[in-house]
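Structure record follows, encoded as structure tokens.
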Amino acid sequence: MRSQAMYFKVRAGDKLADRLLQQNLAKARSKFVDARAAAVAAYDGDFEALRSAGQGIRDRVLENLDLWLETFEERARARGAEVLYARDGEEICRLVTGIAQRHGVTKAVKSKSMLSEEAGLNAALTAVGVQPVETDLGEYIQQIDDNEPPSHILAPAFHKSREQVADLFARAHGKPRKTDIPEMTREAREVLREHFLSAGMGISGGNFLIAETGSVALVTNEGNGRMVTTLPDVHVVITGIEKIVPRLEDLATLMRLLPRSGTGQDISNYVSVLTGVKGEGDRDGPSHLYVILVDNGRASLVGSEFQDMLRCIRCGACMNHCPVYQTVGGHAYGWVYPGPMGAVLTPLFTGLGNALDLPHAATLCNQCGVVCPVRIPLPELLRRLRQRQVEAGLRPRGERIGMRAWAWLARRPRLYRLATRLVVRYLNWLAEGADRIRVMGVAPEWTAERDFPAPQGRTFHELYAQRRRTGEE
Amino acid sequence: MAGAGPEGGLAGRGTMEAGTVADDVLRDGRLQGGASGGWAGSAREQILERVRGALGRTSESRARALADIAAALVDRGHGPRPPAAADLVERFKRESARMSSTLDTVTSLQAVPEAVSRYLAAQGLPRSGVVWPSLAGLDWARAGLTLEAREAREGDLVGVTGCFCAMAETGTVMTCSAPESPATASLLPETHVVVVPATRIVQGMEEAWQLAREEYGMALPRAVNFISGPSRTGDIEMNIVLGAHGPYRVHIVMVRE
Ligand code: SF4
């Protein structure tokens, strides 16, 4: 997927002005937050200890990622999986289209895979005559809406109202328009069932790779993940190299964290642990299993000051709790991953210079850091990215000059005092005697939405000097 | 165990049929027509090299870490857990209800067909479908049910399965795919009825895995599925709808002898 992350400011502005979107977002806003809070409160163990354990599991793997990869690879292969590697999105596309051609596939059913979004896989499949069908209901809605990208990693279409979805279904299915959500769901189920049964290939992501057994763990609620990995004769898993966990016990721990943090469930409806291909006498399951392990920027984070980000288990909690995400929605972020995790990942994966606004698209309120199930210090990572931007000279000219001017001034106490005195007088004049300033020329964006408080009286230095004088007298 | 170096890697596998365009792509996960045709230029080696470089891997650290990994893989310790349920059956009942499963209890395996029949009649559901071959020995016909012992196909409306075990902590049933227990039977039909012996209810996922290790050794079945209630979606206006792609309803028949 081509990144639009350079245009965050413009896109965010558009999203704020979109009345319908604002209504839809307002409806959804508290649902995820409340659901997580209720699930964590209802958990009768120590959730904070669980978060530390989750962090520990992910860190342990990252510390020796090369060897864990080799271990997983060897064990997966022993069970008949073909383990392949892809350096980038283009390579994912070449591998998957190659596999499709090898098996004469003309249709592929897909369960959610963020990496296939990173790679723009659907377009590549279409180009070689393979029809890709998204089967997660939200992803499917996005696909029939002219391939609009998902706006949330768990609920890709949650920015749409039922009326919008009803229009899309009526157009795509050629059936009478329905607005009853269970009926709409049944209609989509029937359409997609046909696809499940006729597809030659299933493509899925992988929530976790289990080194101990060479297995792929897949977590879904709809059951589409099970369909995609059970019905077609070929199953392709596309997942990041960082997704490994050591043992089945570690999966048990992480499964106590993932659904509670994301959707607020105690457990997802389906947790599938898939190992190898259809065995002797098996009546169902794929005969071919390919696991594609993808780098696409991940390896460069290993051992870096951003390594913590590789712990991410894609639960969605950080975006659900982010005031910026809640207000502008996922599309403003311009690439695959929205919210705080996206604001960190997008510049790291697509280049610091290609997502200038994203590290600033946060208030650093640390809500994300508090809810992250694997304790990723997201605000700290955002701060580091901002620092990197400054070091690389990537900030706008005005800002750089302003900062330099301030630094110059701040090192000259007399001048600084004089300047602040002048500024205070100027602001008081702007406020015209009131206690707030309505329009401020140097920060028009700030005062467009709110007033700027006018300074009250003198500067700190003046007051301090006065105190000393009166104290001494 | 680990240690698939280049020689143990994909290049030496030799399982590809030659001759198709795709073979070039697939071999070594290498770019089709990529600049360097050899092993060193493969995606696998390059990615692993990047990771090794980032970690500052040396041969000593490799040996040490491999020993650590070998030890970690056989260690059976686990993370923090909620307090154990005193009464596994009660907890399982409560949690499965929270996941929207329904439950009925019978006192013998022979009584299961009657219980299934009762449930289907009460819900006004069809009386034919599929059953796991492992449960084909029960007298379904006498209970007025027409169940074929096979995998499920499109059009099968009822799927009756057993389970490998069940978990009290979350009201989950665990199924393992095999010729006698096909995965589709719990997935394609609109109604899934699952037979759970009370003696197979364990505390949580850790115990379930322990049981699996005891019975399967290192080789897990192809598909292990943890099923907690009917399939669901919240993708339209975050309204929860039961019955997305999998069953609309899950009914548990617990056998408590
Ligand atoms: S960064 Fe943390 S909270 Fe955000 S998706 Fe990843 S694991 Fe979840």
- Message: Could you report the accessible area of residue A:446 in Å², rounded to 10, computed with a 1.4 Å probe on the protein chains as they sit in the structure?
- Response: 120
- Sulfur and carbon atoms: percent of accessible area, segment A:410-472 [1.4 Å]: 55
- Message: Spelling out what I want: for every residue of segment A:54-66, take phi, set θ = phi - 60°, compute 6.51 cos²θ - 1.76 cosθ + 1.60 (Karplus), and round to whole Hz; glycine and proline get x.
- Response: x, 4, x, 4, 5, 5, 4, 5, 5, 4, 9, 4, 4
- Low-density loop GluC sites (Glu not before Pro), segment A:425-470, at most 14 other Cβ within 10 Å, DSSP non-H/G/I/E/B, are A:432
- Amide H of residue A:107: which non-local residues (sequence gap of 5 or more, or other chain) have their own amide H closer than 5 Å, using H built in the peptide plane? A:131, A:200, A:201
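Counting partner chain Cβ atoms within 10 Å of every residue's Cβ in B:61-71, what's the average? Could you put the intermediate results ahead of the total?
On the way: counts 2, 4, 0, 1, 5, 4, 0, 4, 10, 1, 0.
Going residue by residue through B:61-71 and averaging, the value is 3.
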- Residues with amide H under 5 Å from that of residue B:149, placed H, sequence gap 5 or more: B:131
- What residues from segment A:171-199 fall in the zone where the backbone N is under 18 Å from a label point 7 Å along the Cα-to-C-beta line of residue A:146? A:171-173
- Could you tell me the total accessible area buried at the A-B interface, probe 1.4 Å, in square angstrom to the nearest hundred? 9100
- Item | Dipole moment magnitude, nearest 20 debye, chain A about Cα centre, only Lys, Arg, Asp, Glu C-beta charged | 2000
- Query: Is there a pair in A:112/A:243; A:112/A:160; A:110/A:278; A:31/A:160; A:31/A:178 whose C-alpha atoms are over 22 Å apart, and which pairs would that be?
  - Reply: A:31/A:178
- Compute the Rg/Rh shape ratio of the protein assembly as shown: radius of gyration over Kirkwood radius, all on alpha-carbon atoms. 1.03
- Task: Go through segment A:359-373 residue by residue and turn each phi into a ³J(HN,Hα) via Karplus (6.51, -1.76, 1.60, θ = phi - 60°); whole Hz please, and just put x for glycine and proline.
- Result: x, 9, 7, 7, 8, 6, 6, 6, 4, 5, x, 6, 9, 4, x
- With DNA, RNA and ligands ignored, accessible area of residue B:248 (1.4 Å probe; Å², nearest 10): 40
- Message: Which order do you get for B:172, A:350 if you rank them by accessible area with a 1.4 Å probe, largest at the top?
- Response: A:350, B:172
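Work out the mean other chain Cβ neighbour count within 10 Å for the residues of A:141-148 and drop it here as an integer. Don't skip to the answer; put the middle values down first.
Details: counts 2, 1, 0, 0, 0, 0, 0, 0.
Across the residues of A:141-148, the mean count of other-chain Cβ atoms within 10 Å is 0.
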- Item | Nearest 10 degrees, 0 to 90: helix A:8-17 Cα axis against chain A principal axis | 90
- Query: What dipole magnitude, in Debye to the nearest 20, does segment A:410-472 give about its Cα centre under +1 on Lys/Arg Cβ and -1 on Asp/Glu Cβ?
  - Reply: 540
- Item | Farthest toward positive dipole pole in segment B:88-255 [+1 Lys/Arg, -1 Asp/Glu at C-beta], among B:218, B:179, B:113 | B:113
- Distance from the Cα centre of segment B:137-208 to that of segment A:385-441, in angstrom? 69
- Each residue of B:212-224 has, on average, a number of other protein chain C-beta atoms within 10 Å of its C-beta equal to 6
- Query: In Å², what does the accessible area per residue of segment B:88-255 work out to with a 1.4 Å probe?
  - Reply: 33
- Output for segment A:65-125: GluC sites (Glu not before Pro) sitting in coil per DSSP, at most 16 other Cβ within 10 Å, listed by number, reads none
- Message: List the trypsin sites (Lys or Arg not before Pro) within segment A:394-473 that DSSP assigns to loop and that have no more than 16 neighbouring Cβ atoms inside 10 Å.
- Response: A:411, A:438, A:450, A:458
- Message: Just to check I understand the Karplus step: with θ = phi - 60° and J = 6.51 cos²θ - 1.76 cosθ + 1.60, what whole-Hz values come out for segment B:99-116, glycine and proline as x?
- Response: 8, 6, 8, 9, 8, 9, 10, 10, 9, 8, 4, 5, 7, 5, x, 4, 5, 5
- Message: I want the antiparallel fraction of DSSP beta bridges within chain A, as a percent rounded to 5.
- Response: 30
- Residues whose modelled amide H sits under 5 Å from the amide H of residue B:196, counting only those 5 or more places away in sequence or on another chain, are B:253, B:254, B:255
- Whole number in Å², please: accessible area per residue of segment A:410-472, 1.4 Å probe, ligands, DNA and RNA not counted. 84
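Of all accessible surface on segment A:43-299 at a 1.4 Å probe, what whole percent is carbon and sulfur?
Working: 2960 of 6570 Å².
Its accessible area is 45 percent carbon and sulfur atoms.
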- In nm, give the distance between the simple-model label positions of residue B:117 and residue B:211, each being 7 Å from the Cα along the Cα-to-Cβ direction. 2.9
- Using the alpha-carbon atoms, what tilt in degrees (0 to 90, nearest 10) does helix A:378-391 show relative to the longest principal axis of chain A? 70
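The values are calculated or read from the model by the stated rules, or taken from the named source; none is laboratory data. Since this is a predicted model, take the numbers as computed values, not measurements. Every residue, glycine among them, receives a Cβ derived from its backbone with ideal geometry; neighbour counts consider all protein chains shown. Accessible surface is based on the protein model in full, side chains and every heavy atom, while ligands, DNA and RNA are left aside. Shrake-Rupley method; radii C 1.70, N 1.55, O 1.52, S 1.80 Å.
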